[in-house]
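The values are calculated or read from the model by the stated rules, or taken from the named source; none is laboratory data. Given the structure is predicted, the values throughout are model-derived calculations rather than measurements. Cβ atoms come from the backbone with ideal geometry, glycine included; neighbour counts cover every protein chain shown. Ligands, DNA and RNA are stripped out before the accessible areas are found, and what is left, the full protein with its side chains, is counted by its heavy atoms. Shrake-Rupley method; radii C 1.70, N 1.55, O 1.52, S 1.80 Å.
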Amino acid sequence: MPIAQANGVKLGYDEYGAGEPLVMVTGSGAPGRMWRTHQVPALTGAGFRVITLDNRGIPPSDPCPRGFTLDDMAADIGGLIDHLGAGPCRIVGYSLGAIAVQELLLARPELVHQAVLMATCGRSDTLTAAMTAADRELDDSAGVLPPRYAAYVQALQNLSPRTLDDEERLRDWLAVLEMSAADPPGVRGRPGLRPAQDRRHAYRRISRPCLVIGFQDDLVVRPHLSREVARSIPGSVYAEIPGCGHYGYLERPAAVNAAIIDFFAR
């Protein structure tokens with residue numbers, strides 16, 4: 001895996017295919033390889049040079065044990081684009097990655113041509129704030145949930161009822177989630193990073209074309225929070241993918257990929 005020195009830290013990234021550059025940014029604790037199974041084949045097949053990033057805190061990127069901010073993440077993304085000479089480029093952000101991309105769109109709009117923002121929000125409501133606080137307390141206490149229990153909780157939080165009711169698919173998901181939960185703590189990164197303030201008013205200054213994607217059964221970032229972001233960004237487009245939860249890009253990858261490719265083709 002290549003390493004970029006950007007924004008004062010080392011960032012791991014991968015490149016696939018050839019064509020116009022497309023940077024993909026994952027959510028809390030997720031490595032860039034999460035895109036490889038479904039999104040990379042579809043997007044390289046559509047003619048893009050796909051660049052996946054391991055956010056700081058995710059090996060082989062620097063661990064940053066003292067924590068970091070959304071501004072740090074946005075500067076990391078901008079630094080990687082500069083390092084690769086890839087701007088202005090298209091960019092896809094998911095969950096925490098999407099929130100960081102929104103800050104990049106404000107700080108360095110010249111680096112972005114179009115953006116897709118999935119499962120995103122511009123503020124912390126009561127439930128999001130409670131989840132964030134709980135995540136921080138668990139992380140600060142160095143507590144580690146037993147992998148089987150962690151997998152069960154992750155499934156309830158992130159999968160749709162349709163997947164939870166499909167016993168064969170659910171068994172596969174639980175096996176993957178249990179294996180992921182068994183990774184050492186450093187692989188998870190620091191969870192719970194969300195906007196400390198309501199950023200919706202600031203998003204009115206975003207000038208690049210954006211597609212905001214919500215997932216119908218998302219319990220982590222409920223779709224109304226993503227719709228708020230879409231309403232805040234001038235000229236943005238909102239699409240909601242039915243029958244999937246927070247892991248919608250993995251539960252319904254064909255629908256998600258089609259929405260991304262169609263938007264970028266406009």
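Right, Glu137: within 24 Å of Asp218 (Cβ to Cβ), acidic (Asp, Glu) and in a helix (DSSP H, G or I) or not? Can you show your working first?
Numbers: within 24 Å of Asp218 (Cβ to Cβ): yes; acidic (Asp, Glu): yes; in a helix (DSSP H, G or I): yes.
The answer is yes for Glu137.
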- Query: Does Ile3 satisfy the condition of being β-branched (Val, Ile, Thr) and open to solvent by 30 Å² or more (accessible area, probe 1.4 Å)?
  - Reply: yes
Residue hits (region 194-220; of a type in the set (A, V, I, L, M, F, W, C) and either open to solvent by 50 Å² or more (accessible area, probe 1.4 Å) or touching a strand residue (DSSP E or B) at 6+ places or on another chain (Cβ under 8 Å) (or both)) are Ala196, Cys210, Leu211, Val212, Ile213, Phe215, Leu219
Counting only residues in region 59-97 that are in a loop (DSSP other than H, G, I, E, B) and within 13 Å of Arg108 (Cα to Cα), the one most open to solvent (accessible area, probe 1.4 Å) is identified as Pro88
Within region 115-140, residues being open to solvent by less than 80 Å² (accessible area, probe 1.4 Å), among the polar types (S, T, N, Q) and at pLDDT below 90 number 3
Yes or no: region 76-93 includes at least one residue that is modelled with pLDDT under 95, of a type outside the set (Ser, Thr, Tyr) and in contact with a helix residue (DSSP H, G or I) (Cβ under 6 Å, 6 or more places away or on another chain).
yes
Consider Ala155 carefully, then state whether it is open to solvent by less than 70 Å² (accessible area, probe 1.4 Å) and without any contact (Cβ under 8 Å) to a residue 24 or more places away in the chain.
yes
Scanning region 17-37 for residues that are crowded, with 17+ Cβ neighbours inside 10 Å, under 15 Å from the mean Cα position of the chain (by Cα) and of a type outside the set (Phe, Trp, Tyr) gives Leu22, Val23, Met24, Val25, Thr26, Gly27, Ser28, Gly29, Ala30, Pro31, Gly32, Met34
- Message: Suppose the filter is over 18 Å from the mean Cα position of the chain (by Cα) and within 23 Å of Tyr247 (Cα to Cα); does Gly45 pass it?
- Response: yes
For region 91-103, pairs from a residue that is under 17 Å from Gly57 (Cα atoms) to a residue that is open to solvent by 10 Å² or more (accessible area, probe 1.4 Å) and basic (Lys, Arg), with Cβ under 8 Å and 6 or more apart or across chains, are Leu96/Arg194; Ile99/Arg194
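Scanning for something over 15 Å from Ile3 (Cα atoms) and at pLDDT below 95, does region 44-65 turn up at least one residue? Write out each step before concluding.
Within region 44-65, the subset over 15 Å from Ile3 (Cα atoms) is 44-50, 64-65.
Within this subset, residues satisfying the condition of being at pLDDT below 95 are 64-65.
Yes; the residues of region 44-65 include at least one that is over 15 Å from Ile3 (Cα atoms) and at pLDDT below 95.
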Any chance region 51-58 includes a residue that's farther than 14 Å from Gly27 by Cα, surrounded by fewer than 22 Cβ atoms within 10 Å (Cβ to Cβ) and either in contact (Cβ under 8 Å) with a residue 60 or more places away in the chain or of a type outside the set (D, E, K, R) (or both)?
no
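Would you check if Leu117 is touching a helix residue (DSSP H, G or I) at 6+ places or on another chain (Cβ under 6 Å) and free of Cβ contacts under 8 Å to residues at least 40 places away in the same chain?
So Leu117 does not fit the description; no.
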Counting only residues in region 221-266 that are touching a Gly at 6+ places or on another chain (Cβ under 9 Å) and among the acidic types (Asp, Glu), the one surrounded by the fewest Cβ atoms within 10 Å (Cβ to Cβ) is identified as Glu240
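Mind telling me which of the residues Gly214, Gly243, Gly186 ends up being at positive phi and either outside any loop (DSSP other than H, G, I, E, B) or modelled with pLDDT of 95 or more (or both)?
Step by step, each of Gly214, Gly243, Gly186 is checked, and only Gly243 is at positive phi and either outside any loop (DSSP other than H, G, I, E, B) or modelled with pLDDT of 95 or more (or both).
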